[in-house]
Amino acid sequence: MLTPVQQPPPATFQGLGLDAPLVAAVEVLGFREPTPVQATCIPALLSGQDVVGQSKTGSGKTAAFGLPLLQRVELARREVQALILCPTRELAAQVARELRGFGTGLQGLTIQELTGGQPARPQREALKRGVHVAVGTPGRVLDHLQSGSLHARSLHTLVLDEADRMLDMGFGPDVRRIAKLLPGERQTALFSATFPDSIESMSQSLQQPSAVRITVEEDAPEAAQEIQGVTQLRLASTPDQRFPSLCRVLAEHPHESAIVFCNFKASVAELTENLRYYGVSADRLDGDLDQFHRDEVLARFRNGSVRILVATDVAGRGIDIDGLDLVVNYELPSQPEIYVHRIGRTGRAGKTGVAVSLVKGSHDPRITDIEALTGLPVVEIPAETIAPSDVPAILSPLAGPPPMATIRISGGRKDKVRRGDILGALTGEAGALQGADVGKIEVHDRLSYVAVVEHLARAATGRLNKGRIKGKRYRATLLR
Ligand code: ADP
Ligand code: MG
């Protein structure tokens, strides 16, 4: 049976029982004190208990399971000791990145992503060389277990992150198959933003009967807190006025980066095409994109090379994108919690943001539910009919290239390429850029993405292709 626990949260990471290198790492990351889900889950996990942890998106679940798991890794033993399953490759990459940040003080720690949509061979080779922690998607992890490239004999921890999402996506059977191939004597943790019945039955089949259930309730004030600083607006529109209304919203709310959410992949594709037709910098993120392109779109969006991201919840969920000025619900979700998650992406870190939802009429019942959950009003802005022929004029201030362009470089972390090396290559003699011309640099496993001011990007790409980074040649490609 699952027993709910109630513990007053101790004030420090140290007080939760974490070792000095981990405490130091979270301090460097700017974590001042544990979040409630961390304060309750970390001691339970350190004591070896199985845990079901439920708390809203953005509440710090990765550290809640990641820190205890890293504390239990024996660095001298180069075998997979902990396995984290995630529903998508982006989430796996995000978890791996965050764990590497926590593990900076653990000498020699290796964390390997095992995700589909990319070649298995480099993953097999990494596993052969020795890996402490694997973060993957169920299908690919199962392949590695069944083919014998992933040995589970030293595994002591299994984590299911976004377990609800994994079950929604039909990974339940794969997850069960994976668990059967792992040592029975292990710690199993399930983390999830929601707690449907399917999680309960997953818990019963994978965990010890003594598993503790830790729920950090998302009550009305908390939902309101999540969207603190966000101005919520709604605009009634008929189906044929939807696109013109969106154009008006985009034009009337100046933004550097905005996400437009849709409920369906088909709407995402159509909308992206329409915006691009009018010269607006937009790209799409949905389940139909292959993994490589999803990575690329996210990198370009984060660094200012794409102004407007059109996304479904499936692709957008759980992905940490900060600093949005504007979120538009082109289609309003039926669950108010999803609405809160969508618009909670704006107005973070003390900034203000705007969320505009296109609704069916002045009495859309979904708005009633949303207002009931948050206790905050969604203010109606008056609709005006826009002729389709006016759309180009409305969008013209938004048309044109985005401020930055992205260069993809064929070398990454595994090639020992670091951010400083890329910055050096661009600003050094050969590159001749000023530091201010270079934007965000993201170093992935085998690739890097660097943002450069738009008008210098082509020349910079050419120079990168002629020059070297740390003495080696890499291919640079300007992304459009
Ligand atoms: P969840 O998995 O619950 O959606 P994440 O683990 O992705 O949440 O954390 C959301 C964000 O909050 C991340 O950017 C993370 O680095 C940050 N974060 C996590 N814990 C803390 C903390 N104790 N203090 C400050 N920031 C934190
Ligand atoms: Mg998470």
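The values are calculated or read from the model by the stated rules, or taken from the named source; none is laboratory data. These figures come from a predicted structure and were not determined experimentally. Cβ: placed from backbone, ideal geometry, glycine included. Neighbour counts: every protein chain shown. For the accessible areas, the whole protein counts, side chains as well, though only heavy atoms, and no ligand, DNA or RNA atoms are used. Shrake-Rupley method; radii C 1.70, N 1.55, O 1.52, S 1.80 Å.
Data for the structure
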item: Residue within region 60-83 that is touching a residue at least 24 places away in the same chain (Cβ under 8 Å), in contact with a Ser or Thr (Cβ under 9 Å, 6 or more places away or on another chain), within 15 Å of ligand 2 (Cβ to nearest atom) and at positive phi present; result: yes
item: Meets criteria (closer than 30 Å to residue 92 by Cβ and among the polar types (S, T, N, Q)) for residue 477; result: yes
item: Long-range neighbours under 8 Å by Cβ, at least six apart or interchain, first residue under 19 Å from residue 230 (Cβ atoms) within region 362-388, second open to solvent by less than 80 Å² (accessible area, probe 1.4 Å) and of a type in the set (Lys, Arg); result: 364/234; 367/234; 378/234; 379/234; 380/234; 381/234
item: Whichever residue in region 162-221 is of a type in the set (Phe, Trp, Tyr) and touching a strand residue (DSSP E or B) at 6+ places or on another chain (Cβ under 6 Å) and, among such residues, is farthest from residue 85 (Cα to Cα); result: 195
item: Subset of region 235-256 [open to solvent by less than 20 Å² (accessible area, probe 1.4 Å) and part of a loop (DSSP other than H, G, I, E, B)]; result: 237
item: Contacts under 6 angstrom Cβ, first residue in region 185-210 being open to solvent by 60 Å² or more (accessible area, probe 1.4 Å), partner at pLDDT below 95, 6 or more apart; result: 194/164
item: Which numbered condition residue 100 misses (of (1) within 16 Å of ligand 1 (Cβ to nearest atom); (2) touching a residue at least 12 places away in the same chain (Cβ under 8 Å)); result: (2)
item: Pair list, Cβ under 8 Å, 6 or more apart: region 144-166 residue assigned by TED's automatic domain parsing to the domain that holds residue 123 and away from ligand 2 (no atom under 16 Å from the Cβ), other residue of a type in the set (Phe, Trp, Tyr) and not in a loop (DSSP other than H, G, I, E, B); result: none
item: Qualifying residue in region 362-370 (condition: modelled with pLDDT of 85 or more, within 17 Å of the chain's Cα centre (by Cα), surrounded by 19 or more Cβ atoms within 10 Å (Cβ to Cβ) and part of a helix (DSSP H, G or I)); result: no
item: Those residues of region 27-40 which are in contact (Cβ under 8 Å) with a residue 60 or more places away in the chain and either under 14 Å from residue 72 (Cβ atoms) or in contact with a Pro (Cβ under 6 Å, 6 or more places away or on another chain) (or both), in sequence order; result: 36
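Let's see how each residue does on (1) open to solvent by 20 Å² or more (accessible area, probe 1.4 Å); (2) in a strand (DSSP E or B); (3) not hydrophobic (A, V, I, L, M, F, W, C):
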residue: 260; (1), (2), (3): no, yes, no
residue: 263; (1), (2), (3): yes, no, yes
residue: 266; (1), (2), (3): yes, no, no
residue: 270; (1), (2), (3): yes, no, yes
residue: 273; (1), (2), (3): yes, no, yes
residue: 276; (1), (2), (3): yes, no, yes
residue: 287; (1), (2), (3): yes, no, yes
residue: 293; (1), (2), (3): yes, no, yes
residue: 298; (1), (2), (3): no, no, no
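This table checks each residue for (1) open to solvent by less than 20 Å² (accessible area, probe 1.4 Å); (2) more than 30 Å from residue 139 (Cβ to Cβ); (3) of a type in the set (Phe, Trp, Tyr).
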residue	(1), (2), (3)
16	yes, yes, no
33	no, yes, no
36	no, yes, no
45	yes, no, no
50	yes, no, no
55	yes, no, no
60	no, no, no
70	yes, no, no
